[in-house]
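Written out below as structure tokens is the structure these notes cover.
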Amino acid sequence: MSGSCYTYSQQLMGTTVSLQLFVENQQAVAAVFNTIQALETRLTVNRDHSEVMSINHAAGKQPVAVSKLVFDLIRQAKAASLLPHSCFNFAIGPIVKLWKIGFNGHSIPPAKEIAHRLTLTNPHLIELDQAKYTVYLAKAGMEIDLGAIAKGYIADITRLVLAQYGIYQAIINCGGNVLTIGCSPLTPNQHWHIGLKRPFAKADSLLGILHVQDKSVVTSGIYERYFMLNEQLYHHIIDPFTGYPLDNELQSVTIISDNSLTGDIYSTILYGFGVRQGLNELEKHKDMGAIFVTKDKKIFIKSNQHFQFELLADDYELCQSFIPEQTQ
Ligand code: FAD
Ligand code: MG
């Protein structure tokens, strides 16, 4: 419970990225932010040029060679998109670009246009050549979107960058993605305390606090990027089977895992599954824990011994265990 704490932040990837260290090391700080900036430049689909955009621009024309780093993320994105019943789909780009949720010009697109664009989101039609590091979108109009997972991938890489400077104790927060590295010098039991935001409230209003050590904490939710129209909320997690925002009982899913890319992939997949199927799925993934927050203010926790949760909001009900349907 001692020592100094140094916090640095920059606006990157449409959010505030912050880094907390417990030694002063300007070189390490510069290396971390330069790395994030460089990866954003390669992975973004919010500018006209990037490695991913060069693939998108060549849709229906030719395969495009990319760097090993970008290929590696795309390979993992394809695998996650092909998991059984996965609502994560890295080919979702044409629909995301149509809705523009979280960006200027958002609107409810015509149903006909959504139906047309759905025909451009088949992940099987994204061909990867492992030998040449090429990616080919087989139909014109197809677009890769790595928005759901690129921050996790980048957070994991920053851990490697810090290790090069001998730093094994830090927190990197990429907005919705928090990676805690090592154990905390700030608390007696050396656990990091990570706040879980209260949905639709001010940034400093918390539902509760997670206690973790050396874990990634990633949240996918409907309360950061959305718009309201006729009292209906339209958020940015799209159901790849309908082309509309995913509609279920959840406000958010938080995944606690060793690496942040895994957390990022599964926060989307388990959001799509909902509470019941999500908790069942976690039986197969003992390397992860999760927190499900529902619209009717229930919190379901599956810790798998990866974290503890301290509830702060007394209007939310903590449901430690889940009663399977057949025994209810
Ligand atoms: P998550 O829940 O993890 O993911 C939601 C995002 O994933 C959606 O925004 C969409 O992009 C995508 N998505 C939606 N449905 C699906 C689906 N079914 N399967 C797979 N993916 C889906 N924001 C800005 O405002 N300006 C920027 O310039 C900008 N640049 C960025 C550059 C990079 C490299 C990255 C990674 C993000 C950037 N962002 C930017 C933010 C980005 O547009 C998304 O809002 C953000 O990545 C969503 O992350 P999340 O953790 O909040 O949501
Ligand atoms: Mg995500």
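Data table
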item	result
Inter-part distance where region 10-33 and region 196-253 are each reduced to a Cα centre, Å	25 Å
Label point distance in nm, His124-His211, each placed 7 Å from Cα along Cα→Cβ	4.9 nm
Percent antiparallel among DSSP beta bridges (both partners in the chain, rounded to 5)	95 percent
The chain: DSSP helices with Cα axial extent of at least 24 Å and average Kyte-Doolittle hydropathy no lower than -0.5	26-43
Choice from Ala313, Ala148, Ala80 showing the highest fluctuation, given a GNM over the chain with Cα pairs closer than 10 Å	Ala313
Spin-label model distance (nm) - Leu160 vs Ala31, 7 Å beyond Cα toward Cβ	1.3 nm
Estimated [θ] at 222 nm from DSSP helical runs (n ≥ 4, -39500 (n - 2.57)) normalised by residues in the chain, nearest 500	-9000 deg cm²/dmol
Net length gained if the chain between Cys319 and Asn46 were fully extended (0.36 nm per residue, minus Cα distance)	94.4 nm
Protection proxy ranking, peptides 12-18, 185-191, 170-176, 263-269, average beta carbon neighbours within 10 Å, highest first	263-269, 170-176, 12-18, 185-191
Cα-projected label distance for Ser303 with Ala203, points at 7 Å along beta-carbon direction, nm	3.0 nm
Hydrodynamic radius of region 171-229 per Kirkwood, over alpha carbon pairs, in Å	12.6 Å
log10 of Debye I(q)/I(0), alpha-carbon scatterers only, for the chain at 0.13 Å⁻¹	-1.01
Rounded FRET efficiency, nearest 0.05, which uses the C-beta distance separating Gln62 from Lys295 and R0 of 56 Å	0.80
Debye equation applied to the C-alpha atoms of region 51-145, log10 I(q)/I(0) at 0.10, 0.12, 0.17 Å⁻¹	-0.26, -0.38, -0.73
Amide proton proximity set for Lys197, modelled H, under 5 Å, gap of 5+	Leu207
Lys, Arg +1 and Asp, Glu -1 on Cβ, resulting dipole of region 159-252 about Cα centre, debye, nearest 20	360 debye
Size of electric dipole in region 126-204: Cβ of Lys, Arg +1 and of Asp, Glu -1, about Cα centre, debye, nearest 20	280 debye
Residue-span extension gain [Tyr223 to Lys139] - 0.36 nm each, minus C-alpha spacing	26.9 nm
Mean shadow area of region 202-315, taken as a quarter of the surface of its Cα convex hull (nm²)	7.7 nm²
The chain: most fluctuating residue of Val218, Val293, Val161 per GNM, C-alpha cutoff 10 Å	Val161
FRET E, pair Gln277, Thr242, Förster distance 22 Å, beta-carbon r, rounded to 0.05	0.80
Only Lys, Arg (+1) and Asp, Glu (-1) charged, at Cβ; region 51-145 dipole about Cα centre in debye	120 debye
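Where a number appears in this text, it was derived from the coordinates with a stated rule and is not lab data. Computed from a predicted structure; not experimentally measured. Please note: Cβ atoms are built from the backbone with ideal geometry, for glycine as well, and neighbour counts cover all protein chains shown.
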